[in-house]
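K.L.:
Below you'll find the structure I mean.
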Amino acid sequence: MSEVKISAATRAEFGKGAARRIRRDNKVPGVLYGHGSDPLHLTLPGHDLLLALRTPNVLISLDIDGKTNELAIPKSVQRDPIKGFLEHVDLLLVKRGEKVTVEIPVHTEGELAPGGNLLEHVLNALPVEAEATHIPESVTVSVEGLEAGASILAKDIKLPNGTTLAVEEDAVVLQVLAAQAEETEGEEAEGEEAAEA
């Protein structure tokens, strides 16, 4: 996983008014916390941060006020519910070699067995523990030929080296559901008679 370098500035103004002024300048207010240190309030460039956050669990190298460099991963991102722009971001301070628990997206490949079966994502993201500088972007699972009733458990998913599950091994990640059977004509007629009575 590559690092994304972002320049940030510490901020001394807090509250809604200050946050609005920051956002008007196309910047995003944020907080960096972790490792028992006091939370550090930051202002980050909006466009650079938006591009960085397109990668799940992106590793961000923060250049703070041109003096210190810190590594962080996004912990919480607040977006405007209508326009989608970034309103606030919480960043978690990490160190090289440190293990962190994150959720990685689960992607599927292949076709289910014929018969109109449906694939249900019980977990859209898989909780894993990985080294902070080597967080996998996602995992891909083959569903080729699976039939109704089949399920894929967390322990069935091959994880990259150095990554371990942070969820029960028997947790269901994907399951195949049988397609809903359509009502037969006889059942429809009975239903109509009952409705008329």
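The values are calculated or read from the model by the stated rules, or taken from the named source; none is laboratory data. It should be emphasised that the depicted structure is a prediction, and the values quoted were computed from it without experimental measurement. Here the Cβ positions follow ideal geometry from the backbone for every residue, glycine too, while neighbour counts run over all protein chains shown. Surface accessibility is based on the protein's heavy atoms, side chains included, excluding ligands, DNA and RNA. Shrake-Rupley method; radii C 1.70, N 1.55, O 1.52, S 1.80 Å.
K.L.:
In the stretch 57-69, what count of residues is obtained for those that are open to solvent by less than 50 Å² (accessible area, probe 1.4 Å) and not in a strand (DSSP E or B)?
P.N.:
Initially, the stretch 57-69 is screened for residues open to solvent by less than 50 Å² (accessible area, probe 1.4 Å), giving 57-62, 64.
Now drop any that are not not in a strand (DSSP E or B), which leaves 57-58.
So the count comes out to 2.
K.L.:
Does GLU137 satisfy the criteria of being open to solvent by 30 Å² or more (accessible area, probe 1.4 Å), assigned to a loop (DSSP other than H, G, I, E, B), among the acidic types (Asp, Glu) and in contact with a Pro (Cβ under 8 Å, 6 or more places away or on another chain)? Let's see the steps before the verdict.
P.N.:
Details: open to solvent by 30 Å² or more (accessible area, probe 1.4 Å): yes; assigned to a loop (DSSP other than H, G, I, E, B): yes; among the acidic types (Asp, Glu): yes; in contact with a Pro (Cβ under 8 Å, 6 or more places away or on another chain): yes.
Taking the combined requirement at face value, the residue satisfies it.
K.L.:
Something else: Search the stretch 120-134 for residues being out of contact with any Asp or Glu (no Cβ under 9 Å at 6 or more places or on another chain) and open to solvent by 50 Å² or more (accessible area, probe 1.4 Å), and hand back the single one that is nearest to ALA171 (Cα to Cα). Outline the logic, then answer.
P.N.:
Start the filter on the stretch 120-134 by keeping residues that are out of contact with any Asp or Glu (no Cβ under 9 Å at 6 or more places or on another chain), which leaves 120-122, 129-130, 134.
Next, from what is left, pick out any that are open to solvent by 50 Å² or more (accessible area, probe 1.4 Å): 120-122, 129, 134.
Numbers: GLU120: 14, HIS121: 12, VAL122: 9, GLU129: 16, HIS134: 24 Å.
Residue satisfying both the conditions and the ranking: VAL122.
K.L.:
Just wondering, is there one or more residues in the stretch 97-107 that are assigned to a loop (DSSP other than H, G, I, E, B), within 18 Å of the chain's Cα centre (by Cα) and surrounded by 14 or more Cβ atoms within 10 Å (Cβ to Cβ)? Let's see the steps before the verdict.
P.N.:
Start the filter on the stretch 97-107 by keeping residues that are assigned to a loop (DSSP other than H, G, I, E, B), which leaves 97-98.
Still in the list and also within 18 Å of the chain's Cα centre (by Cα): none.
Checked against the condition, which is being assigned to a loop (DSSP other than H, G, I, E, B), within 18 Å of the chain's Cα centre (by Cα) and surrounded by 14 or more Cβ atoms within 10 Å (Cβ to Cβ), the stretch 97-107 yields no hits at all.
K.L.:
Collect the residues in the stretch 78-105 that are touching a helix residue (DSSP H, G or I) at 6+ places or on another chain (Cβ under 9 Å), modelled with pLDDT under 85 and not charged (D, E, K, R), keeping them in residue-number order.
P.N.:
Residues satisfying the conditions are PHE85, LEU86, HIS88.
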